[in-house]
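A.B. asks: Before I ask anything, let me first share the structure, which is written out below as structure tokens.
The values are calculated or read from the model by the stated rules, or taken from the named source; none is laboratory data. Since the structure is predicted, the reported quantities are computational estimates derived from the model, not experimental observations. As a convention, Cβ positions derive from the backbone with ideal geometry for all residues, glycine included, and neighbour counts pool all protein chains shown. These accessible areas exclude ligands, DNA and RNA; they are computed on the full protein's heavy atoms, side chains included. Shrake-Rupley method; radii C 1.70, N 1.55, O 1.52, S 1.80 Å.
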Amino acid sequence: MIYSIALYLYALAVVLVSPFRKKAWLMVKGQWNTFRILRKNIRREEMYVWFHAASLGEFEQGRPLMERLRREHPEYKILLTFFSPSGYEVRKDYEGADVVCYLPFDTPGNVRSFLRLARPRMAFFIKYEFWNNYLHACRRRQIPVYSVSSIFRENQVFFRWYGRSYSDVLRCVTHFFVQNEVSRELLARKGITNVTVAGDTRFDRVLDICRQAKDLPLVKAFKQDAKVLVAGSSWAPDEDLIIPYFNAHPEMKLVLAPHVVSEDHLKEIEGKLRRPFVRYSRVTEESAARADCLIIDGYGLLSSIYRYGEMAYVGGGFGVGIHNVPEAAVYGVPVLIGPNNRKFREAQDLLREGGCLEVTDADTFGRTMDRLLSDGKFLAERGRIAGQYIERNAGASDLIFDSVKF
């Protein structure tokens, strides 16, 4: 009852703010279109495997499984759903899925309509996704549900006294493929033993990206022989550390890929720069060679750009939480991150091992950068640790795929 009330209130709030917030409007409009998309594209004679990802990061975790399923079991079609516009709007044309749409809010009516139209043979929910009504409905319909790359912490609602009733949703999952032993132990406390410690499929995905990384002649022309810091998914607090240091250190170059690519934010960045810069969308090889800072004013390039850096900075650690550390570490470079990193297993592991370096303010950022730029042995060793960590933790996708009976 409490869950349903909270859900209806949340859905109402999204609708009410949608005229004023683009993200909310995209979600509302997208969910309105879901049933039309399903009626138009689901073929009743076909068998569908359903993958659900909250957003873009979870999609990348599920992608190795989708692509292997496509290769090895072409008799299945793939239905891909997103909850967040930041996932759907970027991957709505993903060619690896046959049908892509938003997942409607988890109300009983939406659940009935969605499952009646989609008729999935099995479902994969990525990482944190535990929608109560969808999962209970799948159990009633005997649709196997697999939780992939899931990770649990003691402070989650499932393990609190006030979350006892909601934690029953965990019993709707056919099998959990969790990231670590802590998650397995927490589930065991609830009497749930259908669990395999498989690791994180994200490591497989970043290795695939690394092997298929695009050659970017414009970035190569920009780099020349300089030491380059690639700052990815940066927010304003990250840039307030990075840019002043960059301005004062002509021995390095900077590639800056902000998380928010808007004209206002780009102009704000440019206003802080005191050395020559150019936007990627306007660059030529000649102008790239003359610039000291290359601003990436688009999407889809960052995962390939990290290969051109001697070191990387992954943003978000002074606000929302760090972004994709493995995406940078896979290239064997040390990764600088802000302090909001406690919920990220790979960041915690790499901090302990030395492949990640935490910065908490301008002073620690400056000292860390000074050493990376001046101590070649330290730079190489930190990078080696980062790259080997990714290699060592790969293989979750194969373990999961080989465990599921398609």
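A.B. asks: Considering PHE344, PHE378, PHE365, PHE401, which residue is open to solvent by less than 40 Å² (accessible area, probe 1.4 Å), without any contact (Cβ under 8 Å) to a residue 40 or more places away in the chain and among the aromatic types (Phe, Trp, Tyr)?
C.D. replies: It is PHE378.
A.B. asks: Across segment 123-136, which residue is nearest to SER183 (Cα to Cα) among those that are of a type outside the set (Phe, Trp, Tyr) and open to solvent by 10 Å² or more (accessible area, probe 1.4 Å)?
C.D. replies: Among those residues, the one meeting the criterion is LYS127.
A.B. asks: Of all residues in segment 48-95, which are open to solvent by 20 Å² or more (accessible area, probe 1.4 Å), over 13 Å from ILE126 (Cβ atoms) and hydrophobic (A, V, I, L, M, F, W, C)?
C.D. replies: VAL90
A.B. asks: Give the residue that is nearest to LEU241 (Cα to Cα), with candidates limited to residues of segment 266-286 that are in a helix (DSSP H, G or I) and not charged (D, E, K, R). Spell out the reasoning first.
C.D. replies: Of the residues in segment 266-286, the ones in a helix (DSSP H, G or I) are 266-272, 280-282, 285-286.
So of that shortlist, the ones also not charged (D, E, K, R) come out as 266, 269, 271, 280-281.
Details: LEU266: 16, ILE269: 12, GLY271: 15, TYR280: 22, SER281: 25 Å.
That would be ILE269.
A.B. asks: Further question: What's the number of the condition ALA394 fails, among (1) touching a residue at least 12 places away in the same chain (Cβ under 8 Å); (2) touching a helix residue (DSSP H, G or I) at 6+ places or on another chain (Cβ under 7 Å); (3) assigned to a helix (DSSP H, G or I)?
C.D. replies: Of the numbered conditions (1) touching a residue at least 12 places away in the same chain (Cβ under 8 Å); (2) touching a helix residue (DSSP H, G or I) at 6+ places or on another chain (Cβ under 7 Å); (3) assigned to a helix (DSSP H, G or I), the odd one out for ALA394 is (3).
A.B. asks: Counting only residues that are among the charged types (D, E, K, R), over 25 Å from the mean Cα position of the chain (by Cα) and not in a helix (DSSP H, G or I), which one in segment 189-226 is surrounded by the fewest Cβ atoms within 10 Å (Cβ to Cβ)?
C.D. replies: Looking at residues that are among the charged types (D, E, K, R), over 25 Å from the mean Cα position of the chain (by Cα) and not in a helix (DSSP H, G or I), I get ASP225.
A.B. asks: A further question follows. Of these, PHE114, PHE130, PHE51, PHE124, which one is hydrophobic (A, V, I, L, M, F, W, C) and assigned to a loop (DSSP other than H, G, I, E, B)?
C.D. replies: Details: PHE114 fails: assigned to a loop (DSSP other than H, G, I, E, B); PHE51 fails: assigned to a loop (DSSP other than H, G, I, E, B); PHE124 fails: assigned to a loop (DSSP other than H, G, I, E, B).
Among PHE114, PHE130, PHE51, PHE124, only PHE130 is hydrophobic (A, V, I, L, M, F, W, C) and assigned to a loop (DSSP other than H, G, I, E, B).
A.B. asks: Among the candidates LEU186, LEU229, single out the residue that is more than 28 Å from GLN388 (Cβ to Cβ) and buried (at least 16 other Cβ atoms within 10 Å of the Cβ).
C.D. replies: The conditions single out LEU186.
A.B. asks: Mind listing whichever residues of segment 97-108 are modelled with pLDDT of 95 or more and open to solvent by 10 Å² or more (accessible area, probe 1.4 Å)?
C.D. replies: Listed by number, the residues that qualify are ALA97, ASP98, VAL100.
A.B. asks: Of the residues ARG112, ARG139, ARG116, only one is farther than 13 Å from PHE51 by Cβ, open to solvent by 30 Å² or more (accessible area, probe 1.4 Å), touching a strand residue (DSSP E or B) at 6+ places or on another chain (Cβ under 9 Å) and modelled with pLDDT of 95 or more; which? Walk me through how you get there before you give the answer.
C.D. replies: Working: ARG112 fails: touching a strand residue (DSSP E or B) at 6+ places or on another chain (Cβ under 9 Å); ARG116 fails: touching a strand residue (DSSP E or B) at 6+ places or on another chain (Cβ under 9 Å).
The unique qualifying residue is ARG139.
A.B. asks: Quick check: is even one residue across segment 351-358 part of a helix (DSSP H, G or I) and basic (Lys, Arg)?
C.D. replies: Within segment 351-358, the first condition is being part of a helix (DSSP H, G or I), and the residues that meet it are 351-353.
Next, from what is left, pick out any that are basic (Lys, Arg): 352.
Yes.
A.B. asks: Are there any pairs with C-beta distances below 9 angstrom linking a residue in segment 94-109 that is over 19 Å from LEU26 (Cβ atoms) and without any contact (Cβ under 8 Å) to a residue 40 or more places away in the chain to a residue that is in a strand (DSSP E or B) and open to solvent by less than 10 Å² (accessible area, probe 1.4 Å), with the two at least 6 apart or on different chains, and if so which?
C.D. replies: Close Cβ pairs (under 9 Å, with a partner that is in a strand (DSSP E or B) and open to solvent by less than 10 Å² (accessible area, probe 1.4 Å)) amount to GLY96/ILE78; GLY96/LEU80.
A.B. asks: Restricting attention to segment 10-20, does a residue exist that is under 23 Å from LYS127 (Cα atoms), surrounded by 17 or more Cβ atoms within 10 Å (Cβ to Cβ) and touching a residue at least 60 places away in the same chain (Cβ under 8 Å)?
C.D. replies: yes
A.B. asks: Name the residues in segment 266-276 that are among the basic types (Lys, Arg) and open to solvent by less than 40 Å² (accessible area, probe 1.4 Å), would you? If you could, list the steps in order and put the result at the bottom.
C.D. replies: The first filter runs over segment 266-276 and keeps only residues among the basic types (Lys, Arg), leaving 267, 272, 274-275.
The one that is among the basic types (Lys, Arg) and open to solvent by less than 40 Å² (accessible area, probe 1.4 Å): ARG275.
A.B. asks: Does PHE35 satisfy the condition of being under 14 Å from TYR88 (Cα atoms), in contact with a Phe, Trp or Tyr (Cβ under 9 Å, 6 or more places away or on another chain) and in a helix (DSSP H, G or I)?
C.D. replies: No: the conditions fail for PHE35.
A.B. asks: Let me ask you something else. Considering only segment 237-265, state which residues are part of a helix (DSSP H, G or I) and either buried (at least 17 other Cβ atoms within 10 Å of the Cβ) or of a type in the set (S, T, N, Q) (or both).
C.D. replies: Listed by number, the residues that qualify are ASP238, GLU239, LEU241, ILE242, ILE243, TYR245, PHE246, ASN247, HIS265.
A.B. asks: OK, next. Identify, please: which residue in segment 70-98 is over 15 Å from ASN33 (Cβ atoms) and of a type in the set (Val, Ile, Thr) and is, among those, nearest to the chain's Cα centre (by Cα)?
C.D. replies: Out of the qualifying residues, it is VAL90.
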